[in-house]
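Participant: Can you keep this structure in mind? I'll have questions shortly.
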Amino acid sequence: MLAVYCWLLCLYPGSCRHEFGEEMTSVFREARSKLPPTLAAKISFYRSEFCGLLSGALRAHFDRLFGPGIPFPRFYMQPQFRFPRATVFLMLVILAGVVLTIEKARTIVNGPHQVTSAWTLPPWFIFLFPALACAAVAAVWGLLFALRRTGMHRLDGIQTSPVNSNPTLPGKTGLS
Amino acid sequence: METFALTEPVLLVLLSLAEQPRHGYAILKDVESISGGRVLLSTGTLYGALQRLLDNGWIERVEESETPRDRRTYKLTSRGRRNLQMEIERMRHLTKVAALRTARKEA
């Protein structure tokens, strides 16, 4: 895994890699050595590290190309202003569906004579319908999941008890 | 004057360095401790934040001749401390308003 990590570090711009590469590798090695022995902890750690590296590399390239115009915007890395991943995935699926539909419609409009009759459909075509049904179910599930993440999940976190009189105390009502 | 709000990882990194100078891994562990285990920074996120803070002059490296290159220590600058205090003031105001509004709604 260390080799994969070092390989992913190559995605960073050369200057960043030169400045922080050794340190990042050292911290990764140290954090990895102190992981709990459970498989779940390891998977979570590697997922977080590799996603962090990829997004960090992207960000570093963006900064190098366009400059750090906005130093620390709130919409960056801020959980409550970030789309849940499920929503982004669902939006991509919908976009792909729309693009495919437009392409199909264009094909039909341009060449109606090429549309095959239902009797001459290839045998594998019958499997398309269950696949489409599964895709529809997955899309509905994704939609419900996204709604739960954006609505219900955050409603659960709202504090309903009387608020602490000392607002300086840290807690989940701060920037969480 | 820099009045923009900080992101949570950046704020936690600043809070960690406000106490004492720390190196990368110590910052990771301290951020985890400050947030009660809720925020686990990856090295990519940590060093992205550190680079931006260095570029903006909010933190600086502690120059020690015997420190190995892979274990450099960072500390808060006076500018960083000032901006952190401003951010805490902003949050204090926000929580005060939030407390008033939620209390009014519950009444």
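The values are calculated or read from the model by the stated rules, or taken from the named source; none is laboratory data. Computed from a predicted structure; not experimentally measured. Note: ideal-geometry Cβ built from the backbone for every residue, glycine included; neighbour counts use all protein chains shown.
Participant: So, in region A:1-48, of the ones that are among the aliphatic types (A, V, I, L, M) and facing chain B (nearest Cβ under 8 Å), which residue ends up farthest from A:Arg59 (Cα to Cα)?
Facilitator: By that ranking, first place goes to A:Ala31.
Participant: Just checking, does region B:76-90 include any residue being in contact with an Asp or Glu (Cβ under 9 Å, 6 or more places away or on another chain) and closer than 18 Å to A:Glu30 by Cβ?
Facilitator: No, region B:76-90 has no match at all.
Participant: Sort through B:Ala98, B:Ala26 and tell me the only one that's within 11 Å of chain A (Cβ to nearest Cβ) and over 15 Å from the mean Cα position of the chain (by Cα).
Facilitator: Exactly one residue qualifies, and that residue is B:Ala98.
Participant: Would region B:23-31 turn up any residue that is of a type in the set (Asp, Glu), at pLDDT below 90 and in a helix (DSSP H, G or I)?
Facilitator: no
Participant: Here is a follow-up. Can you give me the number of residues within region B:57-70 that are touching a residue at least 24 places away in the same chain (Cβ under 8 Å) and under 20 Å from A:Gly56 (Cα atoms)?
Facilitator: 2
Participant: Counting only residues that are among the charged types (D, E, K, R), facing chain A (nearest Cβ under 7 Å), surrounded by 14 or more Cβ atoms within 10 Å (Cβ to Cβ) and not in a helix (DSSP H, G or I), how many does region B:37-95 have?
Facilitator: Of the residues in region B:37-95, 3 are among the charged types (D, E, K, R), facing chain A (nearest Cβ under 7 Å), surrounded by 14 or more Cβ atoms within 10 Å (Cβ to Cβ) and not in a helix (DSSP H, G or I).
Rundown of residues vs (1) in the same structural domain as A:Phe145 (by TED's automatic domain parsing); (2) surrounded by 15 or more Cβ atoms within 10 Å (Cβ to Cβ); (3) hydrophobic (A, V, I, L, M, F, W, C); (4) at pLDDT 60 or above, yes/no style:
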site: A:Leu54; (1), (2), (3), (4): no, no, yes, yes
site: A:Ala60; (1), (2), (3), (4): no, yes, yes, yes
site: A:Pro71; (1), (2), (3), (4): no, yes, no, no
site: A:Arg74; (1), (2), (3), (4): no, yes, no, no
site: A:Phe89; (1), (2), (3), (4): yes, no, yes, yes
site: A:Ile94; (1), (2), (3), (4): yes, no, yes, yes
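Participant: Condition first: among the β-branched types (Val, Ile, Thr) and more than 14 Å from B:Leu14 (Cβ to Cβ). Now tell me which residues in region B:48-65 satisfy that.
Facilitator: The answer is B:Val62, and nothing else.
Participant: Taking the stated definitions as given, is B:Thr73 touching a Phe, Trp or Tyr at 6+ places or on another chain (Cβ under 6 Å), at pLDDT 90 or above and within 25 Å of A:Arg17 (Cβ to Cβ)? Break it down stepwise before answering.
Facilitator: On the way: touching a Phe, Trp or Tyr at 6+ places or on another chain (Cβ under 6 Å): no; at pLDDT 90 or above: yes; within 25 Å of A:Arg17 (Cβ to Cβ): yes.
No, not satisfied.
Participant: Go through the residues of region B:55-67 one by one and say whether even a single one is at pLDDT 90 or above and under 12 Å from the mean Cα position of the chain (by Cα).
Facilitator: Yes: region B:55-67 contains one or more residues that are at pLDDT 90 or above and under 12 Å from the mean Cα position of the chain (by Cα).
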